[in-house]
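The values are calculated or read from the model by the stated rules, or taken from the named source; none is laboratory data. Being a predicted model, the structure only gives us computed values, none of them experimental. Every residue, glycine as well, gets a Cβ built from its backbone with ideal geometry; the counts of neighbours run over all protein chains shown.
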Amino acid sequence: MKQARLGGKLRHLRHDRRLNQAQMAQRLGISASYLNLLEHGQRPVTVPVLLKLAQHFSLDLRALTPDDDERLLSDLMEAFADPLFEGDDIKAIDLKELVATSPNLGRALLTLYQAYRGSRANSRPPDDAALIEVGVADTPAGMPSEEVNDFIQKKENYLPELESAAAELWSAQNLALDNLYQRLVAVLSERFSVAVRVVPAVEMGGLLRIYDPPARRLSLSEMLPQSSRSFQLAHQIALLGWRGEINRIASDGKFTTVEAEMLARVALANYFAGAVVMPYDPFLEAARATRYDLDVLEHRFASSFEQVCHRLTTLRRPGAEGVPFHLVRVDAAGNISKRFSASGIRIARFGAACPRWNVYDAFATPGMLRVQVSRMPDGATFFCVARTVHRVGRPLARGPLAQRVGQLAIVLGCALSYARELIYADGLSLDDPQTVTPIGVSCRTCERDDCSDRAMPSLYQKFEVDENRRGLSAYSRPR
């Protein structure tokens, strides 16, 4: 299937350059009939052909990798799992063929679906409880946060311009980890004439950071821990000193709303802040030396668990790369508020993720690190760690619900082939089938028919009800 999609990309490239098969074949030094076989996935696209493509068409070979189409297929599978399409009998093979032959059409369909969900979210909620029951009133996918998540994913969560800017700040201001907060306060004062003050929470009106441009004053809530205070100082420096660069990068996203573009600028300023608080080379060196010990990295760089996990996903500099991680952040209801994948794992976009992911187990043991070896239906296997965190700056809840209110869970994971580079894999039998948890992307797009944790039927099988039999789940097929 990957070869078929590569052939589809080759055909799209030819059409884009307005060439017929004979013309393109001549440039590649192959026959038109062989090119036809390549385009239809009946022959593999060989390395010599790829090199000629790069030579004659000034093509970045990364544009021909199947990763984007794999992600498109996963997104389409989720979209067409919506009960809206229940009666259309759309099968997985139909979507695979669509991605293989017409990926642009697939992306257009996905855009239409996102627009539909966005418009539905902005309309009055349905009165019919049955519509809510089947998911018509789900959280919208066409939200600014989704656009920004897609933008960051396309950038592979690595922004060399902001890495360079952070390195420039470190060099010009002689920053050091042991007094970073004080030095960043001095940078704001000396370079931007901005005064910093820490303000009682009651005066902040529930906010954590307030910048007053006319007064040149930055106020931080007393509820922010020291790690977050340094982060917020660096965030403000990004907006004052590198706004032009941030705006230029954000313009690449071609966002559909002003809100999405503003949210992207916030995300970019946060990226800069992470690069300042955890500078690339020292952080990568420490990560490798400690074998990605999150606790040590937290203390060494005076950062939070979430900040460290997020920074690890950005270590993608060519020639100096860390382990390719994925990261997901969810709340106790299963809402995904942050997601990124460099590991190859597919993360749900249009609903909750698989209930078997250890990110949900983390809520049962607050503050404890949970480890999981998981396998997708296609055989891809991953190693993940998960832990709960509290929302930054939020007062701890009092009373019997204190353990759940305000908590989020973070999962950081990688392909199983990288697991031995992480200290958390020590002592585990990674090859033991009893260690592996079968998971999927979401219930609707998972083809496992024997899962007792199913919350809804699979798109892959016809849903049948037998009033004389009852399994652990109404949607599973016990064997």
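Checking each residue in region 320-337 for being over 14 Å from the mean Cα position of the chain (by Cα) and at pLDDT below 95 picks out Asp331, Ala332, Ala333, Gly334. The listed residues are Ser228, Ser219, and the only one of them that is in a helix (DSSP H, G or I) and more than 18 Å from Glu161 (Cβ to Cβ) turns out to be Ser228.
Would you check which residues across region 156-185 are small (Gly, Ala, Ser) and touching a helix residue (DSSP H, G or I) at 6+ places or on another chain (Cβ under 8 Å) and list them? Result: Ala165, Ala166, Ala167, Ala176.
Whether any residue in region 291-299 is within 24 Å of Ser145 (Cα to Cα) and either part of a loop (DSSP other than H, G, I, E, B) or polar (S, T, N, Q) (or both) is what I want to check. Within region 291-299, none of the residues are within 24 Å of Ser145 (Cα to Cα) and either part of a loop (DSSP other than H, G, I, E, B) or polar (S, T, N, Q) (or both). For region 143-157, taking the residues that are in contact with a Phe, Trp or Tyr (Cβ under 8 Å, 6 or more places away or on another chain) and over 18 Å from Val258 (Cβ atoms), the one that is surrounded by the most Cβ atoms within 10 Å (Cβ to Cβ) is identified as Ile152. Every condition in (1) modelled with pLDDT under 75; (2) assigned to a helix (DSSP H, G or I); (3) surrounded by fewer than 19 Cβ atoms within 10 Å (Cβ to Cβ) holds for Val136 except the one numbered (2).
Taken together, the residues in region 31-42 that are within 12 Å of Leu10 (Cα to Cα) and touching a helix residue (DSSP H, G or I) at 6+ places or on another chain (Cβ under 8 Å) amount to 6.
Here Arg404, Arg387, Arg398, Arg391 are screened, and the one residue that is at pLDDT below 85 and in contact with a helix residue (DSSP H, G or I) (Cβ under 8 Å, 6 or more places away or on another chain) is Arg404.
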